[in-house]
Amino acid sequence: MTARPGLELVCPAGTPAALRGAVEAGAHAIYCGFNDETNARNFPGLNFSRDEMAEAIKFAHGRGAKVLVALNTFPRAGAFWRWSKAVDDCARFGADAVILADLGLLEDSARRHPDLRLHLSVQAAAANADTINFYARAFGVKRVVLPRVLTVQEIAAINREIDVETEVFIFGGLCVMTEGRCSLSSYATGKSPNMNGACSPASHVEYREEGGYLMSRLGGFAIHRVAAGQPAPYPTLCKGVFEAGDYKGYVFEDPVSLDAAALIPQLAEAGVAALKIEGRQRSRAYTEAVVRNFRRALDDYAAGRPIAAGELRALTEGQQTTSGAYRKTWR
Amino acid sequence: MSRETPIPIFPAAGAAALRHLPLWPLALAAGRLAPSLVRRHEKMFARLGEQAEKTFLIDPADLPFVFVLSPRPDRPRLDTVRREAAGHWDARVAGPLAALIGLVHGAYDGDALFFSRDLVIEGDTEAVLALRNAIDNEEIDLAREASALLGPLETIATGPARRLAGALGRWTGVALTRGENGPLT
């Protein structure tokens, strides 16, 4: 039997406790960020102080796991130093890679830290081989996180034309837009994941029980009304219910989550190097459960055993899952 | 953690009985717990940041009383009051007692409970998120925290308290101590 390609499991951690949980559950690599606007999960009470990051990297390395630090927002004019300093700190702490999106920050990091491994964030929206080859040639990027808009066939086609690793999302929340190019949150709140690190920032979210319904408002706009007993979605505009002409419903996207466990063999055969679990905003309990489940799936795949899928539906937004764009069908 | 069994609900007869019993023993313990938590979990308050100035209504929906939490590092308070006497709050977190305890002990994921409507949040969402993340990172064990209230007896009380909480947890299906997740894992 031909040896099956090894896949790296890249897992989220919003807190040091979640990082420890991910390592103990079998993560090969953990991605996390500092507690400021330099990363796209800048939520209250979440993320790592400088001291916590240094300790976390030591902890992970001591157990054979890597730490990839996301610095994947786009620096504000006049505040570039904040992002540049964050890269310096990652290099100083011994991070295994930094995950970047901004061209200026990539250039700055490649020039000042030639030994620091650079990954291209999904926020850079690199969705074709030419773009990826440019990032590899210009900045020495070693891995690209692909946007969640590509089919397995498109991923395989890209991998045939590039010499860097690709990483794809395997489980968790979905974005309907190509990441890095979505401004829906800005329209309602003035803040976006691209610049401020938070889609639908909690400071602009309001939930209220009204007449037996759960009302969700973002920046004062009612975006969802859920009857008792129905699953509640995240308060993002893309998962809101709106009227458009005669249609009333989910105009952008149904509130479902990605679960591509069943596609692990196809993704491996398409040349993917790493599988990423979404969810730095989730708890340690979620992180541990999902990581353990996917580590078992990868071990099963490597050993030629059938992969169990669909066991994590209760943890997902909308309590429903989809294989997303990986397997596109007409409807 | 894939939740396959429903969250246990406090028996209605027990809740009805509690309606007529005095709250002061629980209020006394809760009142002593708040400053002890501040002392033992300093990092939690760094993570809370300015949200520590907010007032949280912790509402076990299957019980006839609520907890009013003011996690200010300089004068922390955890008051136990009848629901109708709760007064002002900035953020409300409501759900079955078992869900709230399970959240503290890492047996449940807060977002998953929100999606399934087992957990209701109202008011200041930013404050709720900060509190959730701060508690999650501290890996608090209420049996251990209760033992700490005994002062010098803590070291000999913690083991038995955790074993008792674990046994009760297995019997009731409630995650009464960290690592004793009962049917939830």
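Here are some notes:
- Verdict on A:Ala27 being assigned to a helix (DSSP H, G or I), in contact with a strand residue (DSSP E or B) (Cβ under 9 Å, 6 or more places away or on another chain) and open to solvent by less than 20 Å² (accessible area, probe 1.4 Å): no
- With respect to (1) within 12 Å of another protein chain (Cβ to nearest Cβ); (2) crowded, with 23+ Cβ neighbours inside 10 Å; (3) in a helix (DSSP H, G or I), the lone exception for A:Tyr326 is condition (1).
- Residue satisfying condition, being open to solvent by 20 Å² or more (accessible area, probe 1.4 Å) and modelled with pLDDT of 90 or more, within set A:Arg313, A:Arg284: A:Arg284
- Cβ pairs under 6 Å, 6+ apart, first in the range A:277-304 and without any contact (Cβ under 8 Å) to a residue 60 or more places away in the chain and within 9 Å of chain B (Cβ to nearest Cβ), second open to solvent by 10 Å² or more (accessible area, probe 1.4 Å) and of a type in the set (Ser, Thr, Tyr): none
- Scan of the range B:117-141 for residues that are closer than 16 Å to A:Ala17 by Cβ and part of a helix (DSSP H, G or I), ordered by number: B:Leu129, B:Ala130, B:Leu131, B:Arg132, B:Asn133, B:Ala134, B:Ile135, B:Asp136, B:Asn137, B:Glu138
- Unique residue being more than 14 Å from chain B (Cβ to nearest Cβ), touching a strand residue (DSSP E or B) at 6+ places or on another chain (Cβ under 9 Å) and not acidic (Asp, Glu) when the list is A:Ala261, A:Ala273: A:Ala273
- Number of the condition not met by A:Arg217 [criteria: (1) open to solvent by less than 30 Å² (accessible area, probe 1.4 Å); (2) within 13 Å of chain B (Cβ to nearest Cβ)]: (1)
- From A:Gly64, A:Gly21, residue being outside the structural domain of A:Met195 (by TED's automatic domain parsing), under 21 Å from A:Leu275 (Cα atoms) and either in a loop (DSSP other than H, G, I, E, B) or open to solvent by 10 Å² or more (accessible area, probe 1.4 Å) (or both): A:Gly64
- Those strands (runs of 3 or more DSSP E) of the range A:117-186 in which at least 1 residues are open to solvent by 30 Å² or more (accessible area, probe 1.4 Å) and within 17 Å of A:Val10 (Cα to Cα), considering only elements entirely within it, cover A:165-172.
- Pairs where the first residue, in the range B:16-39, is under 20 Å from B:Ala85 (Cβ atoms) and the second is small (Gly, Ala, Ser) and in a helix (DSSP H, G or I), C-beta under 7 Å, 6+ apart: none
- Residue in the range B:144-154 that is of a type in the set (Asp, Glu), open to solvent by 40 Å² or more (accessible area, probe 1.4 Å) and either at the interface with chain A (Cβ under 7 Å from one of its Cβ atoms) or in contact with a Ser or Thr (Cβ under 9 Å, 6 or more places away or on another chain) (or both) present: yes
- Taken over the range B:1-60, residues that are within 22 Å of B:Leu168 (Cα to Cα), surrounded by fewer than 16 Cβ atoms within 10 Å (Cβ to Cβ) and not aliphatic (A, V, I, L, M) amount to 7.
- Per this entry, B:Ile135 is counted among residues that are under 28 Å from A:Ser257 (Cβ atoms), β-branched (Val, Ile, Thr) and open to solvent by 30 Å² or more (accessible area, probe 1.4 Å).
- On the stretch given as the range A:96-109, residues that are within 28 Å of A:Phe59 (Cβ to Cβ) and either open to solvent by 10 Å² or more (accessible area, probe 1.4 Å) or in the same structural domain as A:Met195 (by TED's automatic domain parsing) (or both) total 1.
- Of all residues in the range A:20-76, those being of a type in the set (Val, Ile, Thr) and within 14 Å of chain B (Cβ to nearest Cβ) number 0.
- Enumeration of residues in the range A:169-187 that are among the β-branched types (Val, Ile, Thr) and modelled with pLDDT under 90: A:Val176, A:Thr178
- Flag for B:Ala46 being within 13 Å of another protein chain (Cβ to nearest Cβ), without any contact (Cβ under 8 Å) to a residue 60 or more places away in the chain and not aromatic (Phe, Trp, Tyr): yes
- Residues located in the range A:16-46, provided they are among the polar types (S, T, N, Q) and closer than 18 Å to A:Lys66 by Cβ: A:Asn39
- Residue in the range B:154-173 that is touching a helix residue (DSSP H, G or I) at 6+ places or on another chain (Cβ under 8 Å), over 20 Å from A:Gly279 (Cβ atoms), among the β-branched types (Val, Ile, Thr) and not in a helix (DSSP H, G or I) present: no
- Number of the condition not met by A:Ser203 [criteria: (1) under 21 Å from A:Asn35 (Cα atoms); (2) buried (at least 20 other Cβ atoms within 10 Å of the Cβ); (3) within 12 Å of another protein chain (Cβ to nearest Cβ)]: (2)
- Taking every residue in the range A:79-101 that is in contact (Cβ under 8 Å) with a residue 60 or more places away in the chain and pairing it with any residue that is surrounded by fewer than 20 Cβ atoms within 10 Å (Cβ to Cβ) and of a type in the set (Lys, Arg), at least 6 positions away or on another chain, the pairs with Cβ-Cβ distances below 9 Å are A:Asp96/A:Lys66; A:Asp96/A:Arg117.
The values are calculated or read from the model by the stated rules, or taken from the named source; none is laboratory data. These figures come from a predicted structure and were not determined experimentally. Neighbour counts run over all protein chains shown; Cβ positions are idealised from the backbone, glycine included. Just the protein is used for accessible areas: all its heavy atoms, side chains included, with ligands, DNA and RNA removed. Shrake-Rupley method; radii C 1.70, N 1.55, O 1.52, S 1.80 Å.
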